[in-house]
Amino acid sequence: MLVGLEHSEDAGVFRLNDGTLLVQTADFITPVVDDPFMYGRIAAANSLSDIYAMGGQAICCLNLVCYDSCNIETHELRNILLGGLDAVREAGAAIVGGHTVDDPEMKFGLSVTGIVEEKHLTRNNNAKAGDRLILTKPLGMGILTTANKVDMASEKSMEQAAEIMALLNKGAAEAMNKVGAHSATDITGFGLIGHALEMARASGVTFRLKADSIPFLPEAVDLAGMGLIPAGSYNNRRFTRDDVHFEVQLSDDRKMVYFDAQTSGGLLISVAPEKADILLERIRKNGAKSAEIIGEVGTRKEKHIIFS
């Protein structure tokens, strides 16, 4: 075993031979959109993301399904599974089986097995001072999906959020492998700050993030101001606030976007400064939404995360 539980990595890694490593992960989510097919695709993209964060490619997957057999119609369940299959096929992988559980709360996701060439293995503990930090998707999905549950998000914003969540991080991972990167993670339930903090701590560095460079969905701040914030985002703020410093003046609503719990968010990549623009261009060419350089890595300071 090369990667286990020691640094809150995105997936486990096991050596198969001298050049090939096995990458394994599992994840599932409750519904974040109303359309069953899109929910299935987003859940699958979310599960696959951990493989991409390690620089790997998915090869086979198992469906993980919890559903209320008394209230979920067969056609709805079928469409959820078809949505997941659509994402898995785009990933170039296969569904080889799965498991279902009768549960009052709907959950769907995947157990994913992937491979990565050892030279492309990208962990979350190798960010280096001077690196630039690239984020490949905008923030605010947790706030938007929470607002959607009470019909407070606009149809246009939800369509945009669903499209972003359904987008695989495959293209970003392929760009990362082509150009080279020092470290990476994907931004999911712990939000940008939570996952960036894991990465900075594991690497023994401080991340300096430029607030005005971090992309987020247009309605996110206004909806946060209405209190439409998932519980997980409040937990993220509570767990990380002692290791975050805001040099720049921001409203509490704006700050919550950075703590916001994401579903199927982008990759956060630490890359040498001379490669940053090349990598960003390739990521955008591969279809990433709102990919931006959002900061840089510095030597260890009192706080691991500084916003300027």
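Using the Cβ-Cβ distance between Asp222 and Asp243 with R0 set to 25 Å, the FRET efficiency from 1/(1 + (r/R0)^6) comes to roughly 0.35. Each label was represented as a point 7 Å from its Cα along the Cα-to-Cβ direction; for Glu302 and Lys210 these points are 2.6 nm apart. Beta-bridge orientation, the chain: approximately 75 percent antiparallel, per DSSP, counting only bridges with both partners inside.
Of all DSSP beta bridges confined to region 132-307, the antiparallel ones make up roughly 70%. Between Val150 and Asp252, residue separation times 0.36 nm minus the direct Cα-Cα distance comes to 34.5 nm. When the chain is treated as a GNM with alpha-carbon contacts under 10 Å, the residue of Ile80, Ile278, Ile42 showing the greatest mean-square fluctuation is Ile278. Taking the Cα centroid of region 120-188 and of region 229-295, what is the distance between the two, rounded to the nearest whole Å? Centre-to-centre distance over Cα atoms comes out at 8 Å.
Loop-located GluC sites (Glu not before Pro) across region 213-308 with a Cβ neighbour count of 11 or fewer within 10 Å are Glu247, Glu302, with loop assigned by DSSP. Within region 15-96, the GluC sites (Glu not before Pro) that combine a DSSP coil assignment with at most 15 other C-beta atoms in a 10 angstrom radius are Glu73. What shape does region 49-96 take by its C-alpha gyration tensor, where a ≥ b ≥ c are the square roots of the eigenvalues and a/c under 1.5 counts as rounded, a/b above b/c as prolate, and the rest as oblate? Verdict is prolate for region 49-96.
Simple spin-label estimate for Glu274 and Ser69 gives 6.2 nm between the two label positions (7 Å along the Cα-to-Cβ direction from each Cα). Exposure proxy shown here: for Asp151, Asp103, Asp35, the number of other Cβ atoms within 10 Å sets the order, fewest to most, as Asp151, Asp103, Asp35.
Ellipticity at 222 nm from helices only: DSSP H runs of n ≥ 4 in the chain, each -39500 (n - 2.57), divided by the residue count, give -11500 deg cm²/dmol.
Among Val96, Val297, Val112, the largest mean-square fluctuation in a Gaussian network model of the chain, built with springs joining Cα atoms closer than 10 Å, belongs to Val96. Computed from backbone phi, the HN-Hα couplings of region 226-238 come to 8, x, 8, 10, x, 4, x, 5, 5, 4, 4, 5, 5 Hz, rounded to whole numbers (Karplus: 6.51 cos²θ - 1.76 cosθ + 1.60, θ = phi - 60°; Gly and Pro given as x).
Rounded if a/c is under 1.5, else prolate if a/b beats b/c, else oblate: with a ≥ b ≥ c from the C-alpha gyration tensor eigenvalues square-rooted, which is the chain? Oblate, because a/c is 1.5 or more while a/b does not exceed b/c. DSSP assigns beta bridges within region 62-180; of those with both partners inside it, close to 45 percent run antiparallel. For the chain, set up a Gaussian network in which alpha carbons nearer than 10 Å are linked by springs, and say which option among Lys289, Lys156, Lys128 fluctuates the most. For the chain, modelled as a Gaussian network with Cα springs under 10 Å, the answer is Lys156. For the pair Lys285 and Leu2, the difference between a 0.36 nm per residue extended length and the Cα-Cα distance amounts to 98.7 nm. Take every Cα pair under 8 Å whose residues are at least 6 apart in sequence, average their separation, divide by the length of the chain, and the relative contact order is 25 percent. If a/c stays under 1.5 just call it rounded; otherwise compare a/b with b/c (prolate if a/b is bigger, oblate if not). Do that for region 12-120, with a ≥ b ≥ c from the square roots of the Cα gyration tensor eigenvalues. Prolate shape, in that a/c is at least 1.5 and a/b is the bigger ratio.
Values in this text are rule-based calculations from the coordinates and carry no lab data. These numbers come from a predicted model, not from an experiment. Please note: Cβ atoms are built from the backbone with ideal geometry, for glycine as well, and neighbour counts cover all protein chains shown.
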